[in-house]
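These notes concern the structure reproduced below.
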Amino acid sequence: MRGIFAAATLLAGVQAAIDPIVIKGSKFFHKNSGEQFFMKGIAYQQEINSNSSQTSDGTDITDPLADASNCKRDIEFLKRLKTNTIRVYAIDPEKDHSDCMSQLADAGIYVVADLSEPGLSINRNDPGWTVALYNRYTAVVDEMVKFDNTMGFFAGNEVSNQPNNTVASAFVKAAVRDTKAYIKSKNYREIGVGYATNDDADIREAMADYFNCGDSEAAIDFWGYNIYSWCGDSSFKESGFDVQTENFKNYNVPVFFAEYGCNTPRPRLFTEVGALYGDEMTDVWSGGIVYMYFEEENKFGLASIKDGKVETNKDFENLSKEIAKATPTGVKMSAYNPTNTAAASCPKVTAASWEAESDPLPPTANANLCSCMMETLSCTVADDTDEDDYKDMFDFICGEKEGEYCAGINKNATSGPYGVYGMCSDKQQLSFAANAYAKDVRGGCDFKGKAETQSPVAEPTASGCAALLKDAGPEGTGTVSGPAKGDGSGSDASGTSAAAPLSMPSFNFGVFGLGLYVVGAAASGMAMVLL
C-alpha cells in the first residue's frame, strides 16, 4: 500500500505542475514565484446550492471533479472567463480526481474545496462535531491535498446565519482546529483551512472575530465572505463594499469573496468586478468567486448544459468583458512585511446576538475514546434497536435528574461543560446515557428490550485507553488531551449522528441552563417511563 500511495503521489505531482499557493500574513502568494495571488473564481458544482451543506437528507451529489470529460468540456469556458480558481462544494473522496485536477492545473486553475457534503455536515439547527464528520473531512483532505492546485479547504459554509443559531459556530471552529491538527500530524504541505460566511448584518462582525480570535491552532487560515449586496449598476459605497473593506483592513488572514454576483436584476452586469480588483479593494481583498457556473433553478448560472454541450448566456458575456479588464496590482512576497498581525478579540456571549463561547471549544473527535468507553459499559443500546426510537430514549434519560445522566454527552456551547462523548455516534452516546441511568435505577437497563447488559471491561487494554478514560473521568466531563484519532476503528463511525438530525437534546436547563426543556422532555418521555 505504501508503494502504491507513493506512486500515486508522484503521479499527482507530475500531473499538477503548478506553483502552489501559500499564505503570508493577510495575502496569498505563489510559493515559488512569490507573486501575489488574486482569485478570479467561479463556483463549480451541479445540483447543490451554496447553503445546501446544511441539509441532512442524504442528498446525492454530482462530484464535479470526478468526470474527466465534463472537466474538459467546461475548462474551455472557464478559461474564457480568465478563471484561476474554482470552488467545489462537495466531492466523493473515494473517487479518482487526478485527471480533472491535472486538466485544471494545466489551465492554471486552483481549487478551494468544501469538506462537508449534504448528508455529512454541521447542522445549524442541531450542531455537533462528531467522529463521522471528522472521518469525512479528513478523507477529503487526504484525497485533495496531494494535488498542488488544491489551495485550501472550507470547514463550513453559512452554518450560523442568524443570531439564534450562532452556537453552531463553536462546532465549526472545532472542525477547523481538528482539520488543521490532522494536516499537521500527517506532515502534509502547507495548506489553509477556512470558513465561508453569509452576509448577515446582525452577526457578521462577531462571526469574523470569533473564527479569528484565540489560539491560532483553532483559528481560520482564511476568511470567505458570501456577499450579494452589489445589485445591478451599483457602486463601491452604495453596495456597502466600502464598509466591509474598512472592517477587514486589519484582519490578519486573507479575506476574499467566497461567493458574489447578485442576480436581481438580470442579466447581471458584474460591474463590481472593477471595484473588487481595483485599488480601493486589492490591499484588503484577495479577489473573489462568482456564483456560479451552472444554470439551475436558482438562476445564478453562467452557462447551461444541453445535450452535453455548453450554452453560455448574457451573464457569461458580461462577466467575460468585466473580468478581462481586471488587472489587480499586488506585492512580491519577499517585499511584504505584514503589520496587521494581531488576532481579533473574541466576541462576548449575549443572549441577543452571540451564543458561542470561544473557550472551551467542543472536544476533539476521537474514535479511540468512544471505543474505550463502550468497553466499560454494563448497559448498552441493543444492536437491533431501531434508530427511530433513539429520540424517545434520549428524551427520557436526559430529562431525568436535570440531565445528570447525560452530562458526558452535553453539547451546549454556551453553558457547558461539554461532555467528552458528545462527538461519538448516536448509539455510543445513548449507550453512555443508558448505562449512567442503569447504574442509578434498579432494573434500569431494559427499555423494553431496547437496551441490553454486557460484561464490562474494567480496564480496556487497547492502546491509550487507560489514559483517555482517566482524562475523561467517570462522568465524561473531563478534558481529553492529545491529537484527534478519527479513523473509525471500532468507533461505530457509520452511525447517523451527522447524517440525520442528532436526537440527543441540547441542554438548556438545571446546571446546564436547560430552561423549560425538562417539562418538554418529561412530557415526550412519558411513554418511556414504563419501558
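The values are calculated or read from the model by the stated rules, or taken from the named source; none is laboratory data. All values derive from a computational prediction rather than experimental measurement. Cβ placement follows ideal geometry from the backbone for every residue including glycine, while neighbour counts extend to all protein chains displayed. Heavy atoms of the whole protein, side chains included, go into the accessibility calculation; ligands, DNA and RNA do not. Shrake-Rupley method; radii C 1.70, N 1.55, O 1.52, S 1.80 Å.
Among the listed residues Ser358, Ser378, identify the single one that is in contact with a helix residue (DSSP H, G or I) (Cβ under 8 Å, 6 or more places away or on another chain), surrounded by fewer than 16 Cβ atoms within 10 Å (Cβ to Cβ) and touching a residue at least 60 places away in the same chain (Cβ under 8 Å).
Going through Ser358, Ser378 in turn, the sole match is Ser378.
Output the residues belonging to region 323-353 that are closer than 30 Å to Glu205 by Cα and in a helix (DSSP H, G or I).
Of everything in region 323-353, those that are closer than 30 Å to Glu205 by Cα and in a helix (DSSP H, G or I) turn out to be Ile323, Met333.
If you go through region 374-390 one residue at a time, how many are closer than 15 Å to Lys448 by Cα and in a helix (DSSP H, G or I)?
The qualifying residues number 4.
Any chance region 331-346 includes a residue that's open to solvent by less than 30 Å² (accessible area, probe 1.4 Å), touching a Lys or Arg at 6+ places or on another chain (Cβ under 7 Å) and within 20 Å of Ser431 (Cα to Cα)?
no
Is at least one residue of region 115-134 basic (Lys, Arg), open to solvent by 10 Å² or more (accessible area, probe 1.4 Å) and either part of a helix (DSSP H, G or I) or farther than 20 Å from Asn226 by Cβ (or both)?
Among the residues of region 115-134, not one is basic (Lys, Arg), open to solvent by 10 Å² or more (accessible area, probe 1.4 Å) and either part of a helix (DSSP H, G or I) or farther than 20 Å from Asn226 by Cβ (or both), which makes the answer no.
Considering only residues that are in a loop (DSSP other than H, G, I, E, B) and either open to solvent by less than 10 Å² (accessible area, probe 1.4 Å) or over 15 Å from Ser239 (Cα atoms) (or both), which ones fall in region 258-277?
Gly261, Arg266, Pro267, Arg268, Phe270, Tyr277 - these are the residues of region 258-277 that are in a loop (DSSP other than H, G, I, E, B) and either open to solvent by less than 10 Å² (accessible area, probe 1.4 Å) or over 15 Å from Ser239 (Cα atoms) (or both).
Would you confirm whether or not region 402-413 contains a residue that is assigned to a helix (DSSP H, G or I), closer than 15 Å to Glu375 by Cα and in contact with a helix residue (DSSP H, G or I) (Cβ under 6 Å, 6 or more places away or on another chain)?
No: region 402-413 contains no residue that is assigned to a helix (DSSP H, G or I), closer than 15 Å to Glu375 by Cα and in contact with a helix residue (DSSP H, G or I) (Cβ under 6 Å, 6 or more places away or on another chain).
Residue-by-condition table, conditions (1) farther than 17 Å from Met151 by Cβ; (2) in contact (Cβ under 8 Å) with a residue 60 or more places away in the chain; (3) touching a Lys or Arg at 6+ places or on another chain (Cβ under 9 Å):
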{"residue": "Asn70", "(1), (2), (3)": "yes, no, no"}
{"residue": "Thr85", "(1), (2), (3)": "no, yes, yes"}
{"residue": "Leu104", "(1), (2), (3)": "no, no, no"}
{"residue": "Gly108", "(1), (2), (3)": "no, yes, yes"}
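Looking at (1) buried (at least 24 other Cβ atoms within 10 Å of the Cβ); (2) more than 20 Å from the chain's Cα centre (by Cα), find the lone condition where Asp202 falls short.
(1)
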